[in-house]
1. In the stretch 106-156, what GluC sites (Glu not before Pro) fall in a loop by DSSP, with at most 12 other Cβ atoms inside 10 Å?
2. If Lys and Arg each add +1 and Asp and Glu each add -1, what is the summed charge of the other residues whose beta carbon sits under 14 Å from the beta carbon of V207?
3. Less than 12 Å from a label point 7 Å out along the Cα-to-Cβ axis of Q126: which backbone N atoms in the stretch 86-100 qualify, by residue?
4. When Lys and Arg each count +1 and Asp and Glu each count -1, what net charge do the other residues less than 14 Å away from I27, Cβ to Cβ, add up to?
5. Expressed as a whole percentage, what fraction of the accessible surface of the stretch 178-289 belongs to carbon and sulfur atoms when a 1.4 Å probe is rolled over the protein heavy atoms?
6. Given the pairs K175/K249; K14/K52; K217/K239; K52/K176; K216/K239; K79/K239, which span a C-alpha to C-alpha distance of over 20 angstrom in this model?
7. What relative contact order, as a whole-number percentage, does the chain give when Cα pairs under 8 Å and 6 or more residues apart are counted?
8. Roughly speaking, what % of Cα-Cα pairs in the stretch 1-148 are separated by over 22 Å, rounded to a whole number?
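The values are calculated or read from the model by the stated rules, or taken from the named source; none is laboratory data. Please read all numbers here as calculations on a predicted model, not as lab measurements. FYI the Cβ positions are ideal-geometry reconstructions off the backbone, even for glycines, and counts take in every protein chain you see. These accessible areas exclude ligands, DNA and RNA; they are computed on the full protein's heavy atoms, side chains included. Shrake-Rupley method; radii C 1.70, N 1.55, O 1.52, S 1.80 Å.
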Amino acid sequence: MSQFQVNSYTDTFKIYELIEESTSSRIRVCPERGGIVIGCQLNGLEVFYLDKATFEHPTANIRGGNPILFPICGQLENKTYTWNGQSYEMANHGVARTSVWEVAGTNTDGEASITIVLRSNEETKQSFPFDFEVSFTYALVNGELHIRQQYRNLTEGEAMPFYAGFHPYFNADSKKLPYETDATTYLDYNDMVEKPYTGELDLDGMVESVTLLGAKKREIAFPVSGGARVRMTYDDIFKYVQVWSVQDKPFVCVEPWMAMTGELNRQEELVMLESGEALNANLTISCER
């Protein structure tokens, strides 16, 4: 039997499980709940937090896993924005995380992987008036999760604005953690003050998130529950990392974003994808024990 397997089963929704036996690693994906990864066991340790009740509720925002943020990260002012003179409403973090994704295929040759696709439809166009195709390949190999992304603008004759990102929830024993990054400052959304980053962040008592600023290297590492260390590496287009938690919940969210919250209101750092063009990006999550 190959060391790589892709299985599926039903647990409220259909789940696809990527397995790499040699590293005791398993990835669980739910295409119909926003294409989310709900489980990420790397080298024998589950690194993702999941509130299963929010996953099982068909319309609840899932608290846990790794929600996909597209075409925006974060919030918009009054959940609205204006484009070409017309106003649109869009919920926090965009349309991808509440959409059903299609399974395009699976693979066990040299890796355990699944490719899922989201295409624009009448519902997405109510919030985001563009034709698009987004495809993600979740690949498990060497005890690492690789998230290979492609964003395509199928809108005829018009560039498409967006800024995508991720919202992974990691199991954590403390709110005060050291983050290995070359960021020099952070914007504290609790008081809207930019502060020096000195090697660790204490989220205890914070309601809002913070955004790490000034990083040149596109990677970040930090401790998680179980005595391990997670490292994320990502392409240059992910300029920012958002860090957030909820009081009395055993997780921290460490989130690579292409732009900061509210960017579709400001329209200063938008990714503008020309008609017919595609943007490829990658995010890798590894666990060091």
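1. Counting only loop positions with at most 12 other Cβ atoms within 10 Å, the GluC sites (Glu not before Pro) in the stretch 106-156 are E156.
2. Neighbourhood net charge equals -4.
3. 89-91
4. Net of charged neighbours comes to -3.
5. Ligands and nucleic acids excluded, carbon and sulfur give 48 percent.
6. Pairs exceeding 20 Å: K52/K176; K79/K239.
7. 18 percent.
8. Counting pairs separated by more than 22 Å, the tail of P(r) holds 43 percent.
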